[in-house]
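What follows draws every value from the coordinates through simple rules; no lab data is involved. Everything numeric in this text was worked out from a predicted model, so none of it was measured. Glycine also receives a Cβ, built like all others from the backbone with ideal geometry; neighbour counts cover every protein chain displayed.
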Amino acid sequence: MLNTRFLWAIASGVALTLQPVMVGAQQLIEVEETVVEQAQPLPLEQRSQITYDAYILGPGDGLQIELLDLPELSGRFSIGPDGTLYLPRLRALYVEGLTVEELRYFLTEQFSTYVRDPQVYVRPVRYRPIRIYIGGEVRRPGYYTLSGDSDLENLSTTAEATQLQAGTATSTNRPGLGQLPRAAAAGPGGSGLSTFGTLFPTVFDAIRTAQGITPYSNLSKVQVTRKRALGLGGGRIRTNLDFLSLITEGNESQNIRLFDGDVVSVSKSKVVMREQLLKAGQTNLSPQFMNVFVSGRVKNPGGVVVPQGSVLNQALTLAGGPQLMRGKVEFIRFTREGEVDRRIFGYNPGAAADAPNNPVLMAGDLITVRESPLSATATVLNELTTPAFGIYAFYSIFNNFN
């Protein structure tokens with residue numbers, strides 16, 4: 001029998017090297033990942049073990065429980081908010097935290113009081129929405145609740161065909177990696193996506209829900225930390241993903257399914273990852289456009305909508321361009337750390353992308369083209385002479401009236 005510590009990794013299509021590390025009094029498992037180029041199909045028994053040992057049951061899950069030749073004790077049941085499962089004869093049983101296979105063994109033991117040699121079969125038919133935390137270098141870190149069409153009883157050939165047709169009908173939109181047709185459903189232990197579409201939430205869905213990436217996101221280093229079943233020793237397992245390969249190469253093995261309680265962390269780069277930002281902007285991982293604000297000596301001051309990966313000069317061009325009598329450009333960005341990135345420099349229409357005087361933009365950036373000494377003098381004179389001209393005009397009208 002395959003060691004169950006490796007089941008989740010194999011189900012995700014990766015080979016793992018385990019190194020125990022101590023964090024306080026709790027022992028965690030540090031998981032490092034390398035992609036398997038030629039993965040051999042697993043035997044049916046091992047694939048079944050992967051499916052049942054990977055998913056941890058909790059409130060909201062729906063189960064089809066069958067006792068062979070005993071339909072009166074079989075049926076579809078849900079785990080209640082308190083983590084209990086109410087069954088005929090057995091009444092309320094606390095099952096939260098068990099895997100599907102552990103639940104099957106537990107029910108076999110419980111039913112043995114009433115049935116001789118019970119043959120119990122358990123199958124998940126509805127998966128609860130999951131609550132995960134996504135942090136690191138994403139636009140909106142925090143806790144999110146993710147769910148897909150998780151009622152397996154509603155999946156049919158007709159439904160799948162309908163969803164695929166709907167996806168074709170919207171093919172004019174940007175490609176969404178989380179919505180592409182996939183192979184057959186991989187079950188709770190696999191990537192969790194089927195030809196039906198986004199049946200189970202994945203890392204892609206989590207990053208997209210957090211409003212996508214920033215110019216400093218390093219998608220080649222995305223970390224997922226997961227609770228492990230108590231029957232497997234408890235604690236947590238951790239894996240590092242090269243999520244960038246999903247966008248650049250279509251490597252689906254890096255887009256693993258997320259479970260309830262997972263923590264996703266996107267690493268931060270010290271330099272702007274503009275090429276990565278442009279690649280992500282071609283998918284629906286991040287919003288296609290963002291808003292920045294341009295003011296001062298430009299032809300059309302105000303909010304400007306620019307594509308992801310745009311630079312300062314592009315925003316100035318969309319605002320009509322700087323006027324002739326202009327001063328220096330002031331650039332202001334408020335960082336998530338509470339700091340202010342403020343720069344003042346001369347306008348250079350030929351500056352390279354991501355140069356100090358032509359930075360890659362983020363949503364909410366402020367750009368001001370300052371007044372030149374000549375334009376400032378003209379503005380002051382205009383402010384001083386306007387009231388005088390107004391008084392003279394009013395006097396002329398009054399005099400003509402008399």
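Charge tally for G83 (other residues, Cβ to Cβ under 13 Å; Lys, Arg +1; Asp, Glu -1): -3. Applying the criteria of a DSSP loop state and at most 12 other Cβ atoms within 10 Å to the GluC sites (Glu not before Pro) of region 284-344 yields E337, E339.
With Cβ to Cβ distances under 14 Å as the rule, what net charge do the other residues near S112 carry (K, R +1; D, E -1)?
+1
So for region 270-337, considering every pair of alpha-carbon atoms, how many percent are separated by more than 21 Å? Value for region 270-337: 34 percent of Cα pairs lie more than 21 Å apart. Compactness of region 289-371 is given as radius of gyration and Dmax, 11.6, 37 Å, from Cα positions.
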